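Structure below; questions to follow.
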Amino acid sequence: MNTSGNGRPSVDIARPPRDPSIDHIHPCRACDVRQFSVCNVLDAPDLQRLAEVVTTITLPAHRAVFHEGDPAEHLYNVTSGCVKLYKLLADGRRQVTGFLFAGDFLGLALEDDYAYSAETVSEATLCRFPRRRLERLLEDLPKLEKRLLGNASNELAAAQDQMILLGRKSAREKIASFLVNLAGRAERRGQPSDPLPLPMSRTDIADYLGLTTETVSRTFTQLKTQRVITLLPGGMVALTDRLAIERLASGG
């Protein structure tokens, strides 16, 4: 049993059984995260149509998916690994705007060019959709179009939360909020949230939270010393005192 963001216990999410009617579809038949992805709203015939326009790609760690300003020719769905989104500021600094995991969608663009850059944090596998072909397909798949619009709304809400995180919280509160958010996302995907994998570097976290790398490292050490978290091998973090870190995240 896990603990929800408000401290109350929550029941683990069970993965639904695979639908045998789509077992013949490639590459969707082998996708373990379809139930968390935008395509989970589609039935077997519509999923077949989507599968006809998709290409599966695997990229090593630290490889660009696309750069800010590139023509927005493709959209992507992460099926494994971690991808970071970032923008380069006018003074050359980098602002990481998000981390995406299996089931997350990226590449939505209002203009003809990407408004941000995307780079793999770890080795990642993605479904790649040609933008124009997908847009034409959406005319016949209103459920998928609605789901993508929902994704865009969620991105806007996440951006608003990020503004509060950067402007109103201390370093300890930012780190705590970051960990609680990642744990909550893992739980919603039905994945273990404790210990929590942190594939991103301390510099990536610093660029996301508006801190220095030294401050991030020092804060992690402080939380470890206070036995709020435990730093484990392989970039894993155990939330030793979940209630304490949730109180810290909420400013308590």
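The values are calculated or read from the model by the stated rules, or taken from the named source; none is laboratory data. Just so you know, these numbers come straight off a predicted model, no measurement behind them. Every residue, glycine as well, gets a Cβ built from its backbone with ideal geometry; the counts of neighbours run over all protein chains shown.
Hey, does region 244-251 have a residue that's under 16 Å from LEU100 (Cα atoms) and touching a residue at least 12 places away in the same chain (Cβ under 8 Å)? Steps first, answer last, please.
Taking region 244-251 as the starting set, the residues that turn out to be under 16 Å from LEU100 (Cα atoms) are none.
No, region 244-251 has no match at all.
Which residue is surrounded by the fewest Cβ atoms within 10 Å (Cβ to Cβ), if the candidates are limited to region 203-212 and must be of a type outside the set (A, V, I, L, M, F, W, C) and within 13 Å of LYS174 (Cα to Cα)?
THR212
Additional query: What number goes with the only condition from (1) closer than 18 Å to LEU100 by Cα; (2) modelled with pLDDT of 95 or more; (3) assigned to a helix (DSSP H, G or I); (4) out of contact with any Ser or Thr (no Cβ under 6 Å at 6 or more places or on another chain) that PHE220 does not pass?
(1)
If you check every pair at least six apart or on different chains, which have Cβ atoms under 6 Å apart with a residue in region 217-243 that is within 16 Å of PRO192 (Cα to Cα) first and a residue that is part of a loop (DSSP other than H, G, I, E, B) and of a type in the set (Lys, Arg) second?
As it stands, the answer is THR240/ARG227, since those pairs meet every condition given.
Just to be sure I understand, how many residues within region 64-87 are under 19 Å from LEU134 (Cβ atoms) and either within 16 Å of the chain's Cα centre (by Cα) or aliphatic (A, V, I, L, M) (or both)?
8
Being in a strand (DSSP E or B) and either within 16 Å of ARG63 (Cα to Cα) or at pLDDT below 90 (or both) is the filter here; which residues of region 113-139 pass it?
Residues satisfying the conditions are SER117, ALA118, GLU119, THR120, ALA124, THR125, LEU126, CYS127, ARG128.
Which of (1) surrounded by 15 or more Cβ atoms within 10 Å (Cβ to Cβ); (2) in a helix (DSSP H, G or I) is the odd one out, the single condition LEU149 does not satisfy?
(1)
Name every residue in region 58-94 that is loosely packed, with under 13 Cβ neighbours inside 10 Å and either touching a Phe, Trp or Tyr at 6+ places or on another chain (Cβ under 9 Å) or of a type in the set (Ser, Thr, Tyr) (or both), in order of residue number.
Once the filter is applied, which keeps residues that are loosely packed, with under 13 Cβ neighbours inside 10 Å and either touching a Phe, Trp or Tyr at 6+ places or on another chain (Cβ under 9 Å) or of a type in the set (Ser, Thr, Tyr) (or both), region 58-94 yields GLY69, PRO71.
Which of the residues that make up region 165-200 are among the small types (Gly, Ala, Ser), surrounded by fewer than 19 Cβ atoms within 10 Å (Cβ to Cβ), part of a loop (DSSP other than H, G, I, E, B) and in contact (Cβ under 8 Å) with a residue 60 or more places away in the chain?
Listed by number, the list holds a single entry, GLY190.
Take the residues of region 113-130 that are in contact with a His (Cβ under 8 Å, 6 or more places away or on another chain) and under 12 Å from LEU50 (Cα atoms): which is surrounded by the most Cβ atoms within 10 Å (Cβ to Cβ)?
Taking the candidates together, the pick is PHE129.
On the given criteria, is GLY190 closer than 19 Å to VAL121 by Cα, touching a Lys or Arg at 6+ places or on another chain (Cβ under 9 Å) and outside the structural domain of GLU123 (by TED's automatic domain parsing)? Please lay out each step first, then the result.
Values: closer than 19 Å to VAL121 by Cα: no; touching a Lys or Arg at 6+ places or on another chain (Cβ under 9 Å): yes; outside the structural domain of GLU123 (by TED's automatic domain parsing): yes.
Considered against the rule, which asks whether it is closer than 19 Å to VAL121 by Cα, touching a Lys or Arg at 6+ places or on another chain (Cβ under 9 Å) and outside the structural domain of GLU123 (by TED's automatic domain parsing), GLY190 comes out as no.
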